[in-house]
Amino acid sequence: KITTYCANNPEVKFLTLYAFSTENWSRPKLEVEFLMKLLERYFKSELPIYLENNVKFTGKISRKEVFEYMEKSHLFLFPTLENAGFVILEAMSNFMPVIALNYGGPAQFVIKNKDLQLSDVNMSYDEIKKDLAAKIELFYNDSFLRKKIGMDNHDVVLKNFTWEEKAKKYVDLYKGLQ
């Protein structure tokens with residue numbers, strides 16, 4: 001529903017959805033085959049809806065192209081329990097609000113404005129869908145808020161998650177042990 005809504009809205013230029021990250025290829029072969037079949041079955045069942053609603057698929061794209069799409073994006077939607085890390089930080093470093101579940105990577109990295117960006121994983125499935133949709137609509141309708149949260153997220157990455165900051169924290173930890 002989110003995909004077709006965005007595809008039919010002329011103000012939404014890009015909606016990037018990650019179906020299978022490169023890290024998933026390291027899973028056991030049987031698990032990868034199962035996930036591919038599940039993904040294929042899902043796309044086959046939804047394809048007519050996508051075709052009717054102007055949804056375009058890019059397929060596998062280069063890392064450079066991923067960043068080009070991110071630069072054109074207004075927010076990052078990650079509605080999964082997958083424990084993502086770098087993809088959340090990449091979106092935040094590209095000045096995007098992150099709409100996700102408060103689990104794993106998103107819960108760890110989204111430090112400011114959690115209530116506006118993260119949905120409670122303990123809610124029912126229907127409540128989560130409604131909450132995610134409300135967050136998308138909020139950011140869609142309020143460009144000032146979207147930009148402010150994007151700036152806040154970018155600052156969080158710079159202050160907490162650069163290699164320099166991580167190294168500094170390890171040095172401080174080591175000094176504290178002496």
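The values are calculated or read from the model by the stated rules, or taken from the named source; none is laboratory data. All values derive from a computational prediction rather than experimental measurement. Neighbour counts run over all protein chains shown; Cβ positions are idealised from the backbone, glycine included. These accessible areas exclude ligands, DNA and RNA; they are computed on the full protein's heavy atoms, side chains included. Shrake-Rupley method; radii C 1.70, N 1.55, O 1.52, S 1.80 Å.
The table for this structure:
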read-out	value
Positions within the stretch 142-165 being assigned to a helix (DSSP H, G or I) and under 22 Å from D120 (Cβ atoms), in sequence order	L145, R146, I149, D152, N153, V156
The stretch 135-178: number of residues that are under 16 Å from the mean Cα position of the chain (by Cα) and of a type in the set (G, A, S)	1
Members of the stretch 77-109 that are of a type outside the set (D, E) and part of a loop (DSSP other than H, G, I, E, B)	P79, T80, L81, N83, A84, G85, N94, F95, M96, P97, N102, Y103
From K130, K112, K168, residue being open to solvent by 60 Å² or more (accessible area, probe 1.4 Å), of a type in the set (D, E, K, R), free of Cβ contacts under 8 Å to residues at least 60 places away in the same chain and outside any helix (DSSP H, G or I)	K112
First in the stretch 56-68 and over 20 Å from F43 (Cβ atoms), second anywhere and of a type in the set (A, V, I, L, M, F, W, C) and in a loop (DSSP other than H, G, I, E, B), Cβ under 9 Å, 6 or more apart	E68/I61
